[in-house]
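First the structure, in the form of structure tokens, and then the observations on it.
Taken together, the values in this text are just the output of simple stated rules run on the coordinates, not laboratory data. The structure presented is a predicted model; accordingly, all values stated were derived computationally and were not measured. Backbone-built Cβ (ideal geometry, glycine too); neighbour counts: all protein chains shown.
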């Protein structure tokens, strides 16, 4: 279920909702606010981000990976949520 993406216009890009949710979650994490790291640095292992952000990161990875999977030619792209 999209948490941060609600109320925004839909994008034609694949995985756009997950990307937006992950971006907002990382920007609100203690890693960015307190430690003053970039969101990219916060995605590294052993950093202080919420479990929700970790799960969004994994879901975004799975969505992007499904774009390259040749089996999706027959099955169709996975839904975003």
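Subtracting the Cα-Cα distance of residue 70 and residue 24 from 0.36 nm times their residue separation leaves 13.5 nm of extension gain. Just to be sure I understand the curve: with the Debye formula and one point per C-alpha of the range 16-74, what is log10 I(q)/I(0) at q = 0.12, 0.20, 0.27 Å⁻¹? Scattering profile of the range 16-74, log10 relative to I(0): -0.32, -0.70, -1.06.
Label-to-label distance, residue 55 versus residue 40, with points set 7 angstrom from Cα along the beta-carbon direction: 2.8 nm.
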